[in-house]
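S.K.: Handing you a structure now.
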Amino acid sequence: MDTSSAYEKIKGNVGTDGKLPHEFTLEPKHAPNQIGFMPGAMDGIGVFHAGAGNNEKTVKKLVALLKKYFKTSSVRYISKIETLLEDNRSISLIDPILQSIREDHKGIDPNKLADLSLRLAKTSKNVELIKIAIGLLGLLDLGNADEVCDVITTLGLYDDFTLFVVVAASNWKNGNRIVFQIAKTVTGWGKIHAVERLEPETDEIREWILRDGCANGVMDAYLGLTCAIKGDLISSLRRDSIDAELFGSIAIIIDALLDEGPVAGISKYEHAHEALILYLLHAKQHVVSVEHLWRILNLRGWAENAEVDYKDEILAGCAEIINQSGWPEKVITTVKRRGDSFAFFCACNAADRMDIDISLPLFEAVRAEPLKYYVHMPKLMRKPDMALQIIDLCEAVLPLDDMAEGMGDYLFADKLNQEHQCLDFVLPELAGYPLRGVRLIKTGLNSRVVRGRNMACRALSGWVKLEGKPLYDISPELYTEIAQIHKAEVNEQTKETIQKLLDGEAGDV
């Protein structure tokens, strides 16, 4: 049994680059019928989209227990706090807890508060308790306390703690230095929170924000406006020339500004018009890769739907770049090369938007590495000759017997995840090919993953519609199969779909 604290686990997993491995998590493995979250996601979504909220009754209990703990050092109060935190996340409690202690700290020894909070942060395994301990450390200016700085900087490397660490450090005189250090070592929700709270007080920080601050592992849009303002984007764009690396960073920020799905972006940027025009001027020199082309296509898409009086200027500038003669060859070459996954994605997406036929190199990629490129199978299956080959390929490479484990209510596969995802992409496309891929459909019908059964039913519904006759007349074998599955089906919606197929109808999935 692992008795290591969260701090010890984090410290033990930090790589030579000062970062945690991408797959590192303190979260317990979620069940296949539960939705899991990446570290920091639940708190991040709450902060940006739902508001933290609070529970006044729980806050009062927690504050009373914390005060008793600071006076007595008794761990029995910590056990009671952990019990309260079983049904409450610290993000909804921390601000009112800290405010209550600020307003009434009579009888609390600051040194004891610091020592005991540090002890909790360093020795506890309870993630929510550690968040509160970090917040408490922010009540005092501990920026010159080496051990405190070391502990919370280490904890801040983990995305689920970063928000609490950077808020705490922001209250210290030299806290911005710590926030900057953390911002450079996190990539997920932690980076979003760190950059949001990082002050560009030096040229070094401002330049880092401009060049490296925006790209993150969640969605660049969360930091587009922040980096445009804090990195002084417009000043760089006003230069006569910029280096290629800086242009690439600016392109990421511009692209992030255009995506206002999660947060405000270009509509709130005071230099929007000038910035986009200047960006296109620099783009004439620097747009040479399909990644850059993809971002120009995004800008064109934004301008086509934008309600701004300068949209025609933007569209004309985009067209000048997009209509250059060499792009089809570059796009096709990038697909053939495969290599970099983002470049491959950009090439495929650009091909769709520019009507460039990449079906042959794309088919070769799928045939060479089906479990890497399965997301492209639906597009290729619109071509009958390729579809039949992909069906045969999937039947040959997928471990169908191991995937057909029987009834379950799984949302996600607990093993062979890529294989199940590949099957999910192929099954709906079988709707256009009656009696082809029967083994794939049987595997989907007998998958523990609900989506697999739904996708198999979608294929069968397509056969019924296409042939204009009930499933029994098309395939008595598959009719018998779904009749048996219907008896055991645990998902009511799927059960209804199967019943329609048994009744000779084409159910909607």
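The values are calculated or read from the model by the stated rules, or taken from the named source; none is laboratory data. Only a predicted model underlies this, so the values are computations on that prediction, with no experimental measurement involved. Using ideal geometry, Cβ is built from the backbone for each residue, glycine included, and neighbour counts are taken over all protein chains shown.
S.K.: In segment 98-119, which residues are of a type in the set (G, A, S) and either outside the structural domain of L142 (by TED's automatic domain parsing) or within 13 Å of K60 (Cα to Cα) (or both)? Spell out the reasoning first.
M.R.: Step one: of segment 98-119, the residues of a type in the set (G, A, S) are 100, 107, 114, 117.
Hit for segment 98-119 is S100, nothing else.
S.K.: Are there any pairs with C-beta distances below 8 angstrom linking a residue in segment 398-422 that is touching a residue at least 60 places away in the same chain (Cβ under 8 Å) to a residue that is exposed (fewer than 14 other Cβ atoms within 10 Å of the Cβ) and assigned to a loop (DSSP other than H, G, I, E, B), with the two at least 6 apart or on different chains, and if so which?
M.R.: M407/V490; G408/V490; D409/V490; L411/Q34; L411/I35
S.K.: Find all pairs meeting these conditions: Cβ atoms under 7 angstrom apart; at least six residues apart or on different chains; first residue within segment 361-384 and at pLDDT below 95 and surrounded by 14 or more Cβ atoms within 10 Å (Cβ to Cβ); second residue in a helix (DSSP H, G or I) and of a type in the set (D, E).
M.R.: none
S.K.: Applying the selection to segment 97-148, what residues are part of a loop (DSSP other than H, G, I, E, B), in contact (Cβ under 8 Å) with a residue 40 or more places away in the chain and over 15 Å from I81 (Cα atoms)?
M.R.: To start, the set of residues in segment 97-148 that are part of a loop (DSSP other than H, G, I, E, B) comprises 104-109, 124-126, 138-145.
With the extra rule that they be in contact (Cβ under 8 Å) with a residue 40 or more places away in the chain, the set shrinks to 107-108, 124-126, 138-139.
Residues satisfying the conditions are G107, I108, G138, L139.
S.K.: Whether any residue in segment 218-238 is within 20 Å of I182 (Cβ to Cβ), touching a Lys or Arg at 6+ places or on another chain (Cβ under 9 Å) and of a type in the set (S, T, N, Q) is what I want to check.
M.R.: Checked against the condition, which is being within 20 Å of I182 (Cβ to Cβ), touching a Lys or Arg at 6+ places or on another chain (Cβ under 9 Å) and of a type in the set (S, T, N, Q), segment 218-238 yields no hits at all.
S.K.: Filter segment 166-205 for residues that are within 20 Å of Y222 (Cα to Cα) and among the acidic types (D, E) and give the result.
M.R.: E196, E199
S.K.: Oh, and also: Criterion first (over 24 Å from I390 (Cα atoms), within 35 Å of the chain's Cα centre (by Cα), modelled with pLDDT under 95 and not hydroxyl-bearing (S, T, Y)) does D503 satisfy it?
M.R.: For D503, the condition - over 24 Å from I390 (Cα atoms), within 35 Å of the chain's Cα centre (by Cα), modelled with pLDDT under 95 and not hydroxyl-bearing (S, T, Y) - is not met.
S.K.: Of all residues in segment 177-218, count the ones that are among the β-branched types (V, I, T), in contact (Cβ under 8 Å) with a residue 40 or more places away in the chain and touching a Ser or Thr at 6+ places or on another chain (Cβ under 7 Å).
M.R.: Qualifying residue count, segment 177-218: 1.
S.K.: In segment 149-156, is there at least one residue being over 21 Å from I178 (Cα atoms), without any contact (Cβ under 8 Å) to a residue 24 or more places away in the chain and out of contact with any Pro (no Cβ under 8 Å at 6 or more places or on another chain)?
M.R.: Scanning segment 149-156, I find no residue that is over 21 Å from I178 (Cα atoms), without any contact (Cβ under 8 Å) to a residue 24 or more places away in the chain and out of contact with any Pro (no Cβ under 8 Å at 6 or more places or on another chain), so the answer is no.
S.K.: Name every residue in segment 480-499 that is surrounded by fewer than 18 Cβ atoms within 10 Å (Cβ to Cβ) and either in contact with a helix residue (DSSP H, G or I) (Cβ under 7 Å, 6 or more places away or on another chain) or of a type outside the set (A, V, I, L, M, F, W, C) (or both), in order of residue number.
M.R.: Result: T480, A483, Q484, H486, K487, N491, E492, Q493, K495, E496, Q499.
Condition check ((1) part of a helix (DSSP H, G or I); (2) surrounded by fewer than 16 Cβ atoms within 10 Å (Cβ to Cβ); (3) basic (K, R)) across all residues:
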position: G408; (1), (2), (3): no, no, no
position: K415; (1), (2), (3): no, yes, yes
position: Q421; (1), (2), (3): yes, no, no
position: L427; (1), (2), (3): yes, no, no
position: L435; (1), (2), (3): no, yes, no
position: L440; (1), (2), (3): yes, no, no
position: T443; (1), (2), (3): yes, no, no
position: G452; (1), (2), (3): yes, no, no
position: A456; (1), (2), (3): yes, no, no
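S.K.: Just for helices (runs of 4 or more DSSP H) wholly inside segment 306-370: which have at least 3 residues that are β-branched (V, I, T)?
M.R.: 311-322, 327-337
S.K.: Does segment 54-68 include one or more residues that are surrounded by 14 or more Cβ atoms within 10 Å (Cβ to Cβ), of a type in the set (S, T, N, Q), modelled with pLDDT under 85 and in contact with a Leu (Cβ under 6 Å, 6 or more places away or on another chain)?
M.R.: Scanning segment 54-68, I find no residue that is surrounded by 14 or more Cβ atoms within 10 Å (Cβ to Cβ), of a type in the set (S, T, N, Q), modelled with pLDDT under 85 and in contact with a Leu (Cβ under 6 Å, 6 or more places away or on another chain), so the answer is no.
S.K.: Same structure, new question: Find the residue count for segment 337-358, including only residues that are in contact with a Leu (Cβ under 9 Å, 6 or more places away or on another chain) and surrounded by fewer than 16 Cβ atoms within 10 Å (Cβ to Cβ).
M.R.: Qualifying residue count for the region: 2.
S.K.: Starting from residues that are of a type in the set (V, I, T) and surrounded by fewer than 20 Cβ atoms within 10 Å (Cβ to Cβ), keep the ones in segment 103-153 and report whichever is modelled with the lowest pLDDT.
M.R.: I108
S.K.: Report yes if D385 is in a loop (DSSP other than H, G, I, E, B), of a type in the set (D, E), out of contact with any Asp or Glu (no Cβ under 7 Å at 6 or more places or on another chain) and over 27 Å from Y479 (Cβ atoms), otherwise no.
M.R.: When the stated conditions are applied, D385 does not pass them.
S.K.: Under 8 Å between Cβ atoms, at least 6 apart or on separate chains: pull out the pairs that start in segment 23-48 with a residue that is farther than 18 Å from G190 by Cα and end on any residue that is modelled with pLDDT under 75.
M.R.: Cβ pairs passing all conditions: H30/G36.
S.K.: Still on this model: Those residues that are more than 24 Å from Y77 (Cα to Cα) and either assigned to a loop (DSSP other than H, G, I, E, B) or without any contact (Cβ under 8 Å) to a residue 40 or more places away in the chain (or both), I need them from segment 157-173; list them, please.
M.R.: Within segment 157-173, L157, Y158, V166, V167, A169, S170, N171, W172, K173 qualify.
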